[in-house]
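Undergrad: Provided herewith is a single structure, encoded as structure tokens, for subsequent inquiry.
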Amino acid sequence: MARLTRASAPERVRIRPMTADDSDEVAAMRVRGWRHAYRGMIPQAYLDGMDVAAEAERQRERLAAGDGSVVNLVAEAADGTLAGWAAYGPYRDGEVRTGDGELYALYLPPERIGQGVGRALLTEVTGRCAAAGFPRVFLWVLEKNARARRFYEAAGFTADGAEEPFEVGGATVPEVRYVRALTG
């Protein structure tokens, strides 16, 4: 399914299910995304220690072991390279899955930020969550990640007041929860 990006960058991307063959490219995207987006928010030693090969193996293992409830999507550019990755599924309240949806991840290579790829992925995810019957979709974002918070707010998500500590690299980083109604 093709999605048109914003008029300032009219490149088309094709949103499709992720395959095991995409794992290396998705892992590299996730590591670069973390290093770019979370610099100054997460301990630098943790970011520097992220390993693309280990992340790719985790991606392949998750895909192989999945029960189908978690959906991984990639945005493929016209030249065949991956321009974004998103994962979603049922909202997790601790270990319990609820009747709502959750965006677990949305990452782009830093050079793709602002080109409409993230919006295309988010539109696809929210559309699929609505089609699956989820009344709402939730996501968690680092409290200090102002760029991501603006992106989600522009897409109709609102912070609902829930906060949670996120432990990473020996530090506690606060996250805030966002929600968007899909029905009603």
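Undergrad: Output the relative contact order of the chain, whole-number percent, from Cα pairs under 8 angstrom with separation of 6+ residues. Please list the in-between numbers first.
TA: Values: 323 pairs, mean separation 38.8, N = 184.
The value is 21 percent.
Undergrad: Once fully extended, how much extra length lies between E57 and T123, figured as 0.36 nm per residue of separation less the alpha-carbon to alpha-carbon distance?
TA: Values: separation 66, 0.36 × 66 = 23.76 nm, distance 2.80 nm.
Full extension of this stretch gives 21.0 nm more.
Undergrad: Normalised by the residues of the range 23-80, what does the relative contact order come to in percent, with Cα pairs under 8 Å and at least six apart? Walk me through the numbers before you get to the answer.
TA: Numbers: 24 pairs, mean separation 25.2, N = 58.
This gives 43 percent for the range 23-80.
Undergrad: Can you compute the modelled spin-label distance between R150 and A45, with each label point 7 Å from Cα toward Cβ, in nm?
TA: Computed distance between label sites R150 and A45 equals 3.3 nm.
Undergrad: Another one. Provide the descending list of Cα extents for the range 87-134 along its principal axes, expressed in whole angstroms.
TA: Dimensions of the range 87-134 along the principal axes of its Cα atoms: 36, 23, 10 Å.
Undergrad: Using just the C-alpha positions of the range 92-174 as equal point scatterers, what log10 of I(q)/I(0) does the Debye formula give at each q in 0.10, 0.11, 0.15 1/Å?
TA: Each listed q maps to, in turn, -0.28, -0.34, -0.64.
Undergrad: Tell me the Kirkwood hydrodynamic radius of the range 25-131 in angstroms, computed as one over the mean inverse distance between distinct C-alpha pairs. Could you put the intermediate results ahead of the total?
TA: Working: mean 1/r = 0.0671 Å⁻¹.
Answer for the range 25-131: a Kirkwood hydrodynamic radius of 14.9 Å.
Undergrad: Now a separate question. Could you tell me the extents of the chain's C-alpha atoms along the three principal axes, largest first, rounded to whole Å?
TA: Principal-axis extents of the chain (Cα, largest first): 41, 41, 37 Å.
Taken together, the values in this text are just the output of simple stated rules run on the coordinates, not laboratory data. Treat the numbers as computed from the prediction; the structure is a model and nothing was measured. Don't worry about glycine lacking a Cβ; one is built from the backbone with ideal geometry, like all the others, and counts go over all protein chains shown.
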